[in-house]
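*Asks:* Let me begin by handing over the structure; questions about it come next.
The values are calculated or read from the model by the stated rules, or taken from the named source; none is laboratory data. No experiment lies behind these values; they were computed from the predicted model shown. So basically every Cβ, Gly included, is an ideal-geometry build from the backbone, and we count neighbours across all protein chains shown.
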Amino acid sequence: MERQKQVVHFQAKTGFTTAQSNEHQRRWTEKGWECSNANGRIDRTREHLNCEIVRGGRVQSVDKSKSIPEKLAENLNSRGIKDPNAKYGDEPKIRTVVDFIISGSHDRLTELAFGNQQIDFSQGADNSAIQRCPEVEKWAKDMYDVLCGRYGEENILSFIVHLD
């Protein structure tokens, strides 16, 4: 087995575009799916395994009803916070968002996510019968708890677990 590691990548940003949100939430048209699958990095037959952790550490299907920018606007508004970038229009200047990506060793995360199920990682494979294992949900909730403890749960707009 490979040497195990955990990785946290974060990037401060001036905002989050709808296109970025669509990528994270998989809110694509058919053409969007075709483009995402062109290089074989996303397996649409496993998209049903994606989930998100929401307030209280609850696991649910990815909420695609609102984009992440819409969630940000609602979050700020509900807390009486005016977006400091609003005055800049389409060219925001102030970093108000942090994009976190948490990952780790491929073999270990595959084991957490799928257990002993056989996944075919080749492009075009049908993995629609695969089920998400509770171990990856526990791992994700642990990561969510760490970020909540550090940055406050009220500041987490979206915490999506991609298994596709």
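*Asks:* Mind checking which residues of segment 62-96 are among the small types (Gly, Ala, Ser) and without any contact (Cβ under 8 Å) to a residue 12 or more places away in the chain? Steps first, answer last, please.
*Replies:* Kept after step one, since they are among the small types (Gly, Ala, Ser), are these residues of segment 62-96: 65, 67, 73, 78, 80, 86, 89.
Listed by number, the residues that qualify are Ser65, Ala73, Ser78, Gly80, Ala86, Gly89.
*Asks:* Just to check your reading of the model, which residue among Lys87, Lys71 is among the basic types (Lys, Arg), assigned to a helix (DSSP H, G or I), under 24 Å from Phe10 (Cα atoms) and modelled with pLDDT of 90 or more?
*Replies:* Exactly one residue qualifies, and that residue is Lys71.
*Asks:* Which of the residues spanning segment 121-134 are out of contact with any Gly (no Cβ under 7 Å at 6 or more places or on another chain) and either at pLDDT 95 or above or more than 21 Å from Arg44 (Cβ to Cβ) (or both)? Give the derivation first.
*Replies:* Within segment 121-134, the subset out of contact with any Gly (no Cβ under 7 Å at 6 or more places or on another chain) is 121-122, 124-132, 134.
Once the filter is applied, which keeps residues that are out of contact with any Gly (no Cβ under 7 Å at 6 or more places or on another chain) and either at pLDDT 95 or above or more than 21 Å from Arg44 (Cβ to Cβ) (or both), segment 121-134 yields Asp126, Asn127, Ser128, Ala129, Ile130, Gln131, Arg132, Pro134.
Listed here are the residues, each with its yes/no results for (1) closer than 23 Å to Ser21 by Cα; (2) under 15 Å from the mean Cα position of the chain (by Cα); (3) of a type in the set (Lys, Arg); (4) modelled with pLDDT under 95.
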site	(1), (2), (3), (4)
Leu49	yes, yes, no, no
Gly57	yes, yes, no, no
Val62	yes, yes, no, no
Pro92	yes, no, no, yes
Thr96	yes, no, no, yes
Ser105	no, no, no, yes
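*Asks:* Restricting to segment 123-156, and then to whatever is out of contact with any Leu (no Cβ under 8 Å at 6 or more places or on another chain) and assigned to a loop (DSSP other than H, G, I, E, B), can you tell me which residue is surrounded by the fewest Cβ atoms within 10 Å (Cβ to Cβ)?
*Replies:* Of everything passing the filter in segment 123-156, Ala129 is surrounded by the fewest Cβ atoms within 10 Å (Cβ to Cβ).
*Asks:* Still on this model: Considering Gly104, Gly57, Gly115, Gly40, which residue is among the small types (Gly, Ala, Ser) and in contact with a helix residue (DSSP H, G or I) (Cβ under 6 Å, 6 or more places away or on another chain)?
*Replies:* Answer to the selection: Gly57.
*Asks:* In segment 91-114, what residues are closer than 15 Å to Ala140 by Cβ, not in a strand (DSSP E or B) and not β-branched (Val, Ile, Thr)?
*Replies:* Those that are closer than 15 Å to Ala140 by Cβ, not in a strand (DSSP E or B) and not β-branched (Val, Ile, Thr): Arg108, Leu109, Glu111, Leu112, Ala113, Phe114.
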